[in-house]
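> I have a structure I would like to understand better, so I am pasting it below and will then ask my questions one at a time.
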Amino acid sequence: SVEMEEDREGEEDDEDRMGLVDQGDRAGLYAGSSEGSWVGVGLGTGMYHAFILPNYKEELDLLRGTLDALANHWDAVDRYIVVLAMENGEEGHERKALQLVKEYSDMFASILVTSHVLQSGESPGKAPNVNWAGEKLLEHVSPGGAFEVSVDRVMVTVLDADALVHPLYVRELDLAIDSIARNPRNVHRRIFAPPVLLERNWREVVIFTRMQDLSWAALQFQNLPSAAGVGFPLSVYSLSLQLCKDIGFWDTNAEGIGEDMHTFLKAFYKTKGEVRLHPIYIPINLVNIQAETWLDTMLARYHQAERHYRGVVDVAYATKHTLQQWQVARAWVVLFKVYEAHALPGTTPFFMAIAGPLSEVVHRLYDPFEGTDYFFMKFIQVFALLGIICFYGTIIPFELNRRRVNVSIFKIKNPPMWYILHYLIMTFNLWLYCVIPYVISSFRWVLCIEASQYRVAEKQMKFNANRQRL
């Protein structure tokens with residue numbers, strides 16, 4: 001166990017103690033108090049939970065909200081290791097980290113702060129920061145580290161800076177670990193993924209952005225269950241520190257831009273198909289992108305979509321590794337899911353909104369199709385209709401579950417039922433937030449054009465002195 005050091009007077013002394021003055025080491029290390037007590041007899045309840053919180057130019061109150069949610073968990077002081085993954089390129093990141101450590105050092109078993117410096121060959125984004133934090137976490141808990149525990153008893157959860165984690169998520173994660181722990185190796189061959197909801201500020205966000213984010217969450221929700229154990233996490237996911245070590249942590253080059261999906265793919269191929277996705281059906285509550293004006297909000301959401309679709313490079317990554325592991329049956333399922341995730345957003349709108357109706361107009365007014373041509377015309381129209389049916393077949397169960405979660409877990413009021421009609425706005429959003437950014441990102445990869453800069457998504461939330469939303 002590690003005892004908390006006594007507070008020292010003066011910010012300079014504090015910064016020296018936290019290891020934030022000397023950037024040559026690229027990392028600062030903080031240790032909170034811990035008795036190392038395990039809360040139960042099962043493997044799950046005997047795990048330490050490390051939460052990696054990558055952030056770059058995030059508001060202090062936003063980070064406080066995330067940490068407050070974790071600190072309210074009943075066993076946080078015994079089992080939680082918080083990793084504040086700071087970026088060295090952010091001016092004032094030392095002061096921000098120091099302030100958070102002062103406020104929360106007695107609420108968790110340990111707090112570790114890392115300061116990532118972008119290296120040559122690394123692509124700016126979440127993945128390099130998380131990778132550096134993960135490597136430092138391994139040092140932190142290894143023999144000789146500041147918080148010695150067995151590496152195979154540490155479960156890592158990667159968060160977004162705005163993610164509110166409900167205590168039930170950790171409880172269900174523990175139960176899931178116990179359910180597969182007859183063979184301890186299984187624990188280190190699983191990636192656990194929750195659905196995500198965006199309930200924190202959706203009423204304040206312009207309808208275009210709001211409905212795009214809800215649709216994105218709905219599609220991720222239907223992606224989780226799979227008999228083959230194949231699916232992709234979104235933003236928040238958990239995996240053992242041992243698995244992180246086995247696969248060489250996170251990829252930090254341009255291939256890793258879609259860090260959540262790419263992590264599953266890398267783990268799957270590195271273990272030759274042993275890794276499976278295990279859903280944890282307790283949603284994580286996130287924040288919608290929100291800027292000063294509705295137009296700025298829409299533009300920020302567009303830039304986020306373009307960044308997400310840079311992950312189309314995973315099509316080549318998955319194809320290459322599937323061909324190398326062609327004898328692994330589940331590898332072909334993974335490849336299909338990757339093509340599905342990246343091909344449909346950029347192509348389906350054409351079938352749904354243009355090709356289907358246009359073929360009928362041409363057939364009626366100009367040149368009636370016959371034989372094979374008529375068959376393909378009808379195929380296009382049926383495909384377009386099925387796209388609409390599948391979309392709303394995803395949205396309706398998602399909305400029903402969302403409403404139940406809002407009442408039973410988040411304790412917030414639901415919108416009226418007619419609210420589902422707002423999804424009609426997706427006929428516009430599909431072009432602005434799917435087709436256009438998808439095409440631009442794809443051409444950038446083909447033409448080897450790097451993005452001019454990494455844009456941080458704006459998430460403006462105002463709080464009062466009691467950290468309550470205004």
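> Would you grab the residues whose amide H sits under 5 Å from the one on VAL196? Only those 5+ places off in sequence or on another chain, please, with H modelled 1.01 Å from N.
Counting only residues 5 or more places away or on other chains, the set is ILE284.
> Wrap a convex hull around the Cα atoms of the chain, take a quarter of its surface area, and give that in square nanometres.
Numbers: hull surface 100.7 nm².
Over all viewing directions, the chain projects a mean Cα-hull area of 25.2 nm².
> Counting pairs of Cα atoms in region 48-291, how many percent are more than 29 Å apart?
Working: 7133 of 29646 pairs.
Every Cα pair in region 48-291 considered, those over 29 Å come to 24 percent.
> Treating the angle as unsigned and between 0 and 90°, give the value, to the nearest 10°, between the Cα long axis of helix 371-405 and the longest Cα principal axis of the chain.
Tilt of helix 371-405: around 30 degrees.
> Go through LYS337/LYS411; LYS320/LYS378; LYS270/LYS337; LYS57/LYS272; LYS96/LYS136; LYS126/LYS411 and tell me which ones have a Cα-Cα distance over 26 Å in this structure.
On the way: LYS337/LYS411 34 Å; LYS320/LYS378 35 Å; LYS270/LYS337 18 Å; LYS57/LYS272 38 Å; LYS96/LYS136 19 Å; LYS126/LYS411 31 Å.
The pairs that break the limit, which is 26 Å between Cα atoms, are LYS337/LYS411; LYS320/LYS378; LYS57/LYS272; LYS126/LYS411.
> Follow-up. May I ask you to derive the relative contact order of region 48-291, considering only C-alpha pairs under 8 Å and at least 6 residues apart, and to give it as an integer percent?
Numbers: 440 pairs, mean separation 60.8, N = 244.
This gives 25 percent for region 48-291.
> Now for a separate question. What GluC sites (Glu not before Pro) does region 99-208 have in DSSP loop regions with at most 16 other beta carbons within 10 Å? Kindly include the intermediate steps, with their values, before the conclusion.
On the way: sites: GLU103, GLU122, GLU135, GLU139, GLU148, GLU172, GLU199, GLU204; in loops: GLU122, GLU148, GLU199.
The qualifying sites are GLU148.
> Could you tell me the calculated FRET efficiency between LEU365 and LEU447, based on Cβ-Cβ distance and R0 = 30 angstrom, to the nearest 0.05? Don't jump to the answer; show the numbers that get you there.
Details: r = 39 Å, r/R0 = 1.30.
According to the calculation, E is roughly 0.15.
> Next up: Which of the trypsin sites (Lys or Arg not before Pro) across region 371-440 are loop residues per DSSP, with 16 or fewer other Cβ within 10 Å?
Working: sites: LYS378, ARG402, ARG403, ARG404, LYS411, LYS413; in loops: LYS411, LYS413.
Hits after loop and neighbour filter: LYS411, LYS413.
> Tell me the GluC sites (Glu not before Pro) within region 292-381 that lie in a loop according to DSSP and have at most 15 other beta-carbon atoms within 10 Å. Numbers along the way, then the final one.
Numbers: sites: GLU292, GLU306, GLU340, GLU360, GLU370; in loops: GLU292, GLU370.
Here the sparse-neighbourhood loop sites are GLU292, GLU370.
> What is the spread of the Cα atoms of region 103-237 along each of their three principal axes, largest first, in whole Å?
52, 40, 37
Bear in mind that the values in this text are calculations on the coordinates, not laboratory data. Since this is a predicted model, take the numbers as computed values, not measurements. Every residue, glycine as well, gets a Cβ built from its backbone with ideal geometry; the counts of neighbours run over all protein chains shown.
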